[in-house]
Each structure stands twice: as C-alpha cells, then as structure tokens.
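Notes follow once the structure below has been shown.
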Amino acid sequence: MKNLGETLSETRKKKHISTTHAASDLLIKKEHIEALESQDWQSLPEPTFVKGFIKSYATYLGLDADHILAIYRREFDESKFQKQHKNPRAEKRLFLTPTRLINLAFIFAIFVFVAYILITFSSILSTPKLEVLSPQPDITTSVPVVQVIGKTDPEATVSIAGEFAPVDNQGNFSKEYSLSQGKNDIEIISSKRLSPKARIIRTVRLIR
C-alpha cells in the first residue's frame, strides 16, 4: 500500500503539475509541499497546520481528502514528532536612562527617514499595476466598438492603441475603441516617470 507521500507525489506527477506551480496555486510554501511528499514531518509546522495543508493539497489533486487525512493519522505519530519548545528565559529588566532614550529616539528617527526614502524610491521605480477589465482576452464580436476599461495607479498615464486615456483619482480608466474588420490587437500601456511600463494586449476579432 502506498504511503501518504507517495500518493501525493505520484498523483501530482500524473497531472504534470510541478511543486512550484502547486505551491503558487495553493499559497503554500514549496518547501512544505516537498516535505509532505517526502513525509519530512520535522520540516513542517504544527500538526493542525499540516492537516490543513494535506486537506487543501489532496482536494487540489482531485483526491479524497478524508481518505488522505486518514492515511496521515495512521502514519504520523504526533507525540514522536512533536517539536520541542525551548524554555523561555527569565526576562531581564530594561533600565531606561535619559541617554538611552535619546539614543533610541535618534535611531528611530533614522529608521523612519530611511524607510521613507526607500518607500518613495521604490514607488517611483516600480512598474505600475495594470488590470484590464474589458474586453476579455481573445474575444469575437459583431459590434464595431468596444469599451476598454481598466485600473492602474492613480498617478500613472495610460495609452490605448497610442491614444491617451484619462485616469481618475482611484486609478480607473476607460475609452471607446473602434474596431476594424478581422483581428484587432489593442495595446494598453500604463507608465510612470522613471518606471518600467506595464503593457497588456487584448485581441478582439470583428466579424460582421
């Protein structure tokens, strides 16, 4: 009889799913997926979390989650693999003096300043988010005009097929686009000063 790890691993491989892809879909660390398949219980968190991982992973792979959990309970001895917790050390008293308070305030001020610079710099250089709500990817229509609707950063500039589209304070934008007969590749670009551009292409086919 196959054990829990073999069942999970073989099922995943039959479906041609990588551990990286499974981890991304399930929002579980890749290391935890691999630990489940190798039954490396010491590398996993507390049993309560492990049971949640197993149930989600089994359902994701199309397996009977209750059956897989039953295999886990049969194979896993919680008392044997229970993590040892270190005894907490006695707390030491912290004596605050005027000099220490000044030093702490100075360090905090530097930290706030550096954090502000990093956040500002990151915001300037980061690619603006770009989400196109309409039209959906690769559609066919008989209507000669489509409404291009999306969302980006409020401070970004948006162009649709080379034409400017206004962006409101919430980052929403919309613009009508006239279609030509056949295939239309609509390029939507969002850009900020000094930042890389975000680019999405929507393909719409006009058939009359």
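So what is the 222 nm mean residue ellipticity for the chain from helices alone, if each DSSP H run of at least 4 adds -39500 (n - 2.57) and you divide by all residues, rounding to the nearest 500 deg cm²/dmol?
After summing the helix terms and dividing by residue count, I get -12500 deg cm²/dmol.
Could you go through the stretch 23-31 in sequence order and give the Karplus-derived ³J(HN,Hα) for each residue, using 6.51 cos²θ - 1.76 cosθ + 1.60 with θ = phi - 60°, rounded to whole Hz, and x for Gly and Pro?
4, 5, 5, 8, 6, 10, 4, 4, 4
Relative to the longest principal axis of the chain, what angle (0 to 90°, nearest 10) does the C-alpha long axis of helix 65-75 take?
Compared with the principal axis, the helix lies near 30 degrees.
Taking the Cα atoms only, what angle lies between the long axis of helix 98-125 and the longest principal axis of the chain, rounded to 10 degrees?
It works out to around 40 degrees.
Apply the Karplus parameterisation 6.51 cos²θ - 1.76 cosθ + 1.60, with θ equal to phi minus 60°, to every residue of the stretch 138-149 and state each ³J(HN,Hα) to the nearest whole Hz, in sequence, with x for glycine and proline.
Whole-Hz 3J(HN,Hα) from phi for the stretch 138-149: 6, 10, 10, 9, 10, 8, x, 10, 10, 9, 8, 10.
What is the set of long-range amide H partners of ILE186 at a cut-off below 5 Å, with H atoms built 1.01 Å from backbone N?
ARG202, THR203, VAL204
Quick check: net charge around ARG202, other residues with Cβ under 13 Å of its Cβ, Lys/Arg +1 and Asp/Glu -1?
Result for the neighbourhood of ARG202: 0.
Spelling out what I want: for every residue of the stretch 191-202, take phi, set θ = phi - 60°, compute 6.51 cos²θ - 1.76 cosθ + 1.60 (Karplus), and round to whole Hz; glycine and proline get x.
Listing the rounded values in order: 9, 10, 4, 6, 9, x, 8, 9, 9, 9, 10, 10 Hz.
So how many Å³ per residue does the convex hull of the Cα atoms of the chain work out to?
210
Given N residues in the stretch 4-81, what is its alpha carbon radius of gyration divided by 2.2 N^0.38 Å?
0.99
Below 11 angstrom from the Cβ of GLY171, what's the summed charge of the other residues (Lys, Arg +1; Asp, Glu -1)?
Here the charged neighbours net out to -2.
Once you've got the GNM for the chain with C-alpha springs shorter than 10 Å, pick whichever of ILE189, ILE71, ILE149 has the biggest mean-square fluctuation.
Taking springs between Cα atoms under 10 Å, the residue moving most is ILE71.
Express in whole angstrom the spacing between the alpha-carbon centres of the stretch 112-185 and the stretch 9-42.
Using only Cα atoms, the two centres lie 35 Å from each other.
Using Cβ contacts closer than 10 Å as the measure, can you line up ARG208, ARG73 from fewest to most?
Fewest-to-most Cβ neighbours within 10 Å comes out as ARG208, ARG73.
Relative to the longest principal axis of the chain, what angle (0 to 90°, nearest 10) does the C-alpha long axis of helix 4-14 take?
The helix 4-14 is inclined about 20 degrees to the chain.
In a GNM of the chain with a 10 Å cut-off on Cα contacts, which of SER191, SER126, SER38 has the highest mean-square fluctuation?
SER38
Just rank GLU6, GLU176, fewest to most, by other beta-carbon atoms within 10 angstrom.
GLU176, GLU6
Only the coordinates and a few stated rules stand behind these numbers; no lab work does. Quantities reported herein were computed from a predicted structural model and do not represent experimental measurements. No Cβ is skipped: glycine too gets one built from the backbone with ideal geometry, and neighbour counts run over all protein chains shown.
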